[in-house]
1. Do any helices (runs of 4 or more DSSP H) entirely within the stretch 277-327 hold 1 or more residues that are β-branched (Val, Ile, Thr) and in contact (Cβ under 8 Å) with a residue 60 or more places away in the chain, and if so, which?
2. Would you mind finding the one in Leu360, Leu364, Leu392, Leu381 that is open to solvent by less than 20 Å² (accessible area, probe 1.4 Å) and at pLDDT below 70?
3. Among the numbered conditions (1) buried (at least 16 other Cβ atoms within 10 Å of the Cβ); (2) hydrophobic (A, V, I, L, M, F, W, C); (3) under 38 Å from the mean Cα position of the chain (by Cα), tell me where Ala328 comes up short.
4. Within the group Pro27, Pro56, Pro42, which residue is surrounded by 16 or more Cβ atoms within 10 Å (Cβ to Cβ), under 19 Å from Val113 (Cβ atoms) and either among the charged types (D, E, K, R) or in contact with a strand residue (DSSP E or B) (Cβ under 7 Å, 6 or more places away or on another chain) (or both)?
5. Among the numbered criteria (1) in a loop (DSSP other than H, G, I, E, B); (2) loosely packed, with under 14 Cβ neighbours inside 10 Å; (3) without any contact (Cβ under 8 Å) to a residue 60 or more places away in the chain, which single criterion is violated by Asp7?
6. Kindly provide the set of residues from the stretch 267-286 that are of a type in the set (Gly, Ala, Ser) and farther than 25 Å from Phe224 by Cβ, ordered by number.
7. Just one of Leu254, Leu279 is modelled with pLDDT under 80 and in contact with a helix residue (DSSP H, G or I) (Cβ under 9 Å, 6 or more places away or on another chain); which is it?
8. Open to solvent by 40 Å² or more (accessible area, probe 1.4 Å), assigned to a loop (DSSP other than H, G, I, E, B) and either under 27 Å from Thr126 (Cβ atoms) or not polar (S, T, N, Q) (or both): does that describe Glu75?
Amino acid sequence: MDFLDLDGWETRTTTKHRRAYRIQASPIAQRDACPVCKTPNPYYFGIRQRLCRDLPKFDRAVTIEVLLQRYRCRECGKTFVQEMPGILEDRKATARLATHIQELAARLTFAEVGRLVRLDPKTVRTIFTKALEQRLAAIIPAPLRVLGIDEAMLAGELRATLCNIQEGTIIDILPTRRWQSVFHAIHALPFKAQIEVVTIDMWAPYLQAVRGALRDVPVVVDKFHVVRMADEALDRLRVDLARSCKHVGDAKRLRKANRIFRRHSHQIGNFTRLRMDALLQNWPVLADAYAAKEDFYDIYDARDRKDAEARYDLWRASLSPSLQRVFAKLLTATKNWRECMFAYFDFPHTNATTEALNGLIKRLNRNGVGYDFEIIKAKALLTHGVRKIVNLHTDYGWNRDLMGFATEPEVVELDFGADIAALNELVIHGFFDPVSTNRSR
C-alpha cells in the first residue's frame, strides 16, 4: 500500500525521522499540451521541487517533498509544471489537511489544533481564515424583506451585524461598523432590490450606509433602543440620588432598586410595588421621573403613527425643566431621529433578532471560544447545522419535456443564513466548550 495514499500521486521514497516523516512523491498525470496556447507535446525542461504538509501519521508530522516535471512549450516558449491534485498550492498543504484543520478549529484553539496536526499556530490560522473566506464567498443568500443592522462587541471592538429579521438568521458579521463597510456589504447583497424595510439603532453611519445603498427604502429605529434610553435616564437619576444620600441605608436601597425601575408598571408584583412606592415617597423627583418614563412607554401603545406623534408631543410639552434635564439625551435623540422613530408605526419591526445575537456572542466568549473576530464569525456563520437552508421545488404541474413526458421538478436551494436559535441550542448544550484548559492562541 502506498504510504502517502493520496489520489493521483506516486510515492518515490519515505524517510522516517524521530518526529516526522519525509515523503518524496510526484504527480502521476503528465502534461500533454501548453495551458496557454494549447500546443501539444511540450518538451521536458528540468525538475522543480516544492514542500507541503500533510495529515500527521502515527503521531509524527508529514512533509511531502513534491517533485514536479517542468515543461516548455515549443510554440510560445512558456514554462509550466505538472498539476498537483489534492494539494492547495497557495497554502503549501494538502486539501485533506486543510479540511481537518477546519473541523478541529470549530472546537479547539489554534494552539491546540497546531499541536494535533504538528503545525505552527500561525500556519493553522492562515489555513483556517483562507478557507473561511472561500466558504463565505460561495454563499448566495436568499431574498429577504426586512434587514436588521446592529452591532456586537467582538475582540474589543464593535462590529456591525446584518440579519434577516423575519427568518431570525445572521447574514453577515462585518469587521467594523463604519458606514463604508456597511454600505459595501448591503450593496453586495444579490437581492437588495427586494428589501422593503431596514431596522437600525440610532447610529448615524448605519443610516448613511442604508440611504446610499438602498435609496428610498424606509428605515426604522429599533423600538427597544429608544425605550432603553428612557430607562437609562431614570437609572442615571437613581445613581445620582444614591451618591447624594446622607444615610448609608438609603443609598443601599436605591442601589438595589436598579431592576425595579426598568420594569413597566403592569409588570410589577404587589410586594415589589410596595418597595417601589416607599422609594418614590422618599424621593419625589424620582417619582416624577418614573411617571414620565411610564408615559413615554405608553407612546408605543398608540393605535397608529398619528396617535403616537400626538402622544409624544404632549409628553414632551408636559416635562418640567428639571425632567427635561433628566431626559436630555432622549429628547435630543428623538428630535434627530423623529422620522425613523415613528416609522415603526408604519413598519412594526424590531431588532430583537440582533439583540439575541449579542447575547449569544457573549456566551460564546464566556465559554472561551471566540477570542478574535475571525473565529467568532466562523463559528456563528459556518458551524455545521446552523445554516437555515430551504429547498424550494419549482413543480407547478407543467414540467414536461419536448415529447410531453413529465420531468423532475427543479430544486432551488435558498440559504437564509445562520439560524440564531439553532446556534443558541449548540451553545447551551456545550457544543463549543473547549476540551482543553489551554486558552492561548
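1. Filter on the stretch 277-327 gives 321-326.
2. Leu364
3. For Ala328, the exception is condition (1).
4. From the options Pro27, Pro56, Pro42, the qualifying one is Pro56.
5. Failed condition: (3).
6. Ala278
7. Leu279
8. So Glu75 passes the test.
The values are calculated or read from the model by the stated rules, or taken from the named source; none is laboratory data. Note that the coordinates shown come from a computational prediction; the quantities given were computed from them, not determined experimentally. Because the Cβ atoms are built from the backbone with ideal geometry, glycine has one as well, and the counts that use them run over all protein chains shown. Accessible surface areas use protein heavy atoms only, side chains included; no ligands, DNA or RNA. Shrake-Rupley method; radii C 1.70, N 1.55, O 1.52, S 1.80 Å.
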